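Some notes on the structure that comes next.
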Amino acid sequence: MTTLQAKQASKSGAVHGGAGHNDADDGFSDLHPAYSELQAMAESNRCLYCYDAPCVTACPTSIDIPSFIRKISTGNPDGAAKTILSANIMGGTCARACPTEVLCEEACVRNVAEDTAVEIGSLQRYAVDHLMERDLPHPFKRAPKTGKTIAVVGAGPAGLSCAHRAAMLGHNVVVFESKPKPGGLNEYGLAAYKMTNDFAQREV
C-alpha cells in the first residue's frame with residue numbers, strides 16, 4: 001500500500017485487515033466490564049475473610065481486602081470504597097491497572113480450594129465506582145488548618161496521593177505539574193482500554 005493509499009484508507013475508516021472505524025473503537029473499549037450489583041454480591045460471598053489474609057500481605061498498598069469485601073457482601077459498597085481509599089486514594093485506577101493476578105489474587109486461598117481466586121480487582125473497582133458515580137459528599141475531611149503550606153512537584157499518582165494525605169492532616173497544598181492535565185502515568189501512560197470514560201481525570 002502506497003502512502004497515498006494509506007491516507008485514503010484512513011479517511012474512509014478502513015484499517016489494516018479490513019477493520020472499520022467501529023472495530024478500532026471496540027479495540028479500545030472496556031476490556032473488563034464492571035460488575036453489576038448482583039455479580040458483586042455473588043463474588044464477594046466467595047471470600048473466606050481470612051484472619052491473616054495473604055491477599056493483604058501481597059497488596060503493595062496493604063488494603064484491608066477482607067474488610068472491604070465483607071462490606072460489599074453486606075450491601076455497603078460505599079463503606080467498602082472508603083476502606084479501599086483510606087489505604088490507597090488512587091484505588092479506582094489500581095483496580096483497573098494493577099496486575100492483581102500476580103499479587104493479591106495469586107495469594108488468595110481460594111486458589112487451593114477451588115483453583116479460582118476471588119476476583120479482588122473487580123470487587124475493588126465495583127466499590128470505588130459505586131461511590132464515585134453517586135452525588136455524595138467527599139468521604140474524607142480535612143483536619144484543622146495547621147497554617148503550613150506544602151509544595152508537591154508532579155501531579156502523578158504519587159504526587160496526588162501525597163497531596164491528599166497532607167491535606168487530610170490540615171496542611172495547605174500546592175501541586176505543580178508541567179503537563180496540560182494532572183494524572184501522570186494514569187493519564188498518559190496506561191492503555192485506553194483500562195481507563196475508559198476519562199477515568200483518570202474523574203479520579204483526580
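The values are calculated or read from the model by the stated rules, or taken from the named source; none is laboratory data. Just so it is clear, the model here is predicted, and its values are computed rather than measured. Glycine gets a Cβ as well: all are built from the backbone with ideal geometry, and neighbour counts include every protein chain shown.
Against the definition (part of a strand (DSSP E or B) and either surrounded by fewer than 14 Cβ atoms within 10 Å (Cβ to Cβ) or among the hydroxyl-bearing types (S, T, Y) (or both)), how does V174 come out, yes or no?
Details: part of a strand (DSSP E or B): yes; either surrounded by fewer than 14 Cβ atoms within 10 Å (Cβ to Cβ) or among the hydroxyl-bearing types (S, T, Y) (or both): yes.
When the stated conditions are applied, V174 passes them.
Evaluate segment 181-192: report whether one residue or more is surrounded by 14 or more Cβ atoms within 10 Å (Cβ to Cβ), at pLDDT 85 or above and outside the structural domain of G92 (by TED's automatic domain parsing). No: segment 181-192 contains no residue that is surrounded by 14 or more Cβ atoms within 10 Å (Cβ to Cβ), at pLDDT 85 or above and outside the structural domain of G92 (by TED's automatic domain parsing).
Which residues, counting only those in segment 84-100, are closer than 20 Å to A42 by Cβ and either modelled with pLDDT under 95 or out of contact with any Gly (no Cβ under 6 Å at 6 or more places or on another chain) (or both)? I'd like the intermediate steps shown before the answer.
First, the residues of segment 84-100 that are closer than 20 Å to A42 by Cβ: 84, 95, 100.
Correct list: A95, T100.
Report whether or not T100 is loosely packed, with under 14 Cβ neighbours inside 10 Å and among the β-branched types (V, I, T). Outline the logic, then answer.
Working: loosely packed, with under 14 Cβ neighbours inside 10 Å: no; among the β-branched types (V, I, T): yes.
No: the conditions fail for T100.
For segment 131-139, indicate whether the set of residues that are surrounded by 15 or more Cβ atoms within 10 Å (Cβ to Cβ), at pLDDT 95 or above and either assigned to a helix (DSSP H, G or I) or touching a Lys or Arg at 6+ places or on another chain (Cβ under 8 Å) (or both) is non-empty. No, because not a single residue in segment 131-139 is surrounded by 15 or more Cβ atoms within 10 Å (Cβ to Cβ), at pLDDT 95 or above and either assigned to a helix (DSSP H, G or I) or touching a Lys or Arg at 6+ places or on another chain (Cβ under 8 Å) (or both).
Picking from A151, A117, A95, A143, which residue would you name as being within 27 Å of E177 (Cβ to Cβ) and assigned to a loop (DSSP other than H, G, I, E, B)? Give the derivation first.
Details: A151 fails: assigned to a loop (DSSP other than H, G, I, E, B); A117 fails: within 27 Å of E177 (Cβ to Cβ); A95 fails: assigned to a loop (DSSP other than H, G, I, E, B).
After applying the criteria, what remains is A143.
Taking the stated definitions as given, is I63 crowded, with 16+ Cβ neighbours inside 10 Å, outside the structural domain of A158 (by TED's automatic domain parsing), part of a helix (DSSP H, G or I) and modelled with pLDDT of 95 or more? No: the conditions fail for I63.
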